[in-house]
Structure formats: C-alpha cells, structure tokens
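Okay, so here's the structure we're looking at.
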Amino acid sequence: MTYAFDTLKFTPRLEQVGVGREQAVAHAELSWDMTLADTATKAELAELKKDLESSLRELEPRMTGKIGAIVGAPVAVIVALQKFL
C-alpha cells in the first residue's frame, strides 16, 4: 500500500488561510514525516509475520494438550461412572 501526500497542495492551502510560507512548508514536512513514522515497511511486516508464525508454532502443542485434557477428562468421568453404575 502506498500513501499519497501532496505537499504541493498542502502548503498552498495553509497559505490560503493565512499561514506564512515558511510555516506552511514546515507543517507539510512535519505531516509527511509523522505519516511515515507510523507506517510499517514491507520488511517490518515480513519480520512481524515470521514472529507471529513462530509463536503460533510454539503454542500449537500446548493448545493440543489442553484440548485433549478438556475432551479427555469428561470422557474418563463418563467411563468411570458407567463402570460403577
């Protein structure tokens, strides 16, 4: 995804409402810098994806064990009750 930030439109619009040229340019540059500062790069997203996949692989065996216990415990109780009844 790309972001379009047109400083050539931004600056004149500020000047139209009374902001001086120097300030308008500074506002445009700051706005652009702040937009980029909060934007993740493809490399950062790829690294995050790897980290998440790794975390999910680590969680999978634990979740399988917990699900097995959740399903297995009631089954064991039912089997035990059937033997006693």
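Computed from the coordinates by the stated procedures, all read-outs in this text should not be read as laboratory data. Since we're looking at a predicted model, the values are computed, not measured. FYI the Cβ positions are ideal-geometry reconstructions off the backbone, even for glycines, and counts take in every protein chain you see.
Restricting region 34-44 to residues that are of a type outside the set (Ser, Thr, Tyr) and surrounded by 10 or more Cβ atoms within 10 Å (Cβ to Cβ), the residue that is farthest from residue 9 (Cα to Cα) is 44.
For region 20-39, a tally of residues being of a type in the set (A, V, I, L, M, F, W, C) and in contact with a helix residue (DSSP H, G or I) (Cβ under 7 Å, 6 or more places away or on another chain) returns 4.
Within region 4-16, identify whether any single residue is surrounded by fewer than 11 Cβ atoms within 10 Å (Cβ to Cβ) and polar (S, T, N, Q), and answer yes or no. There is at least one residue in region 4-16 that is surrounded by fewer than 11 Cβ atoms within 10 Å (Cβ to Cβ) and polar (S, T, N, Q).
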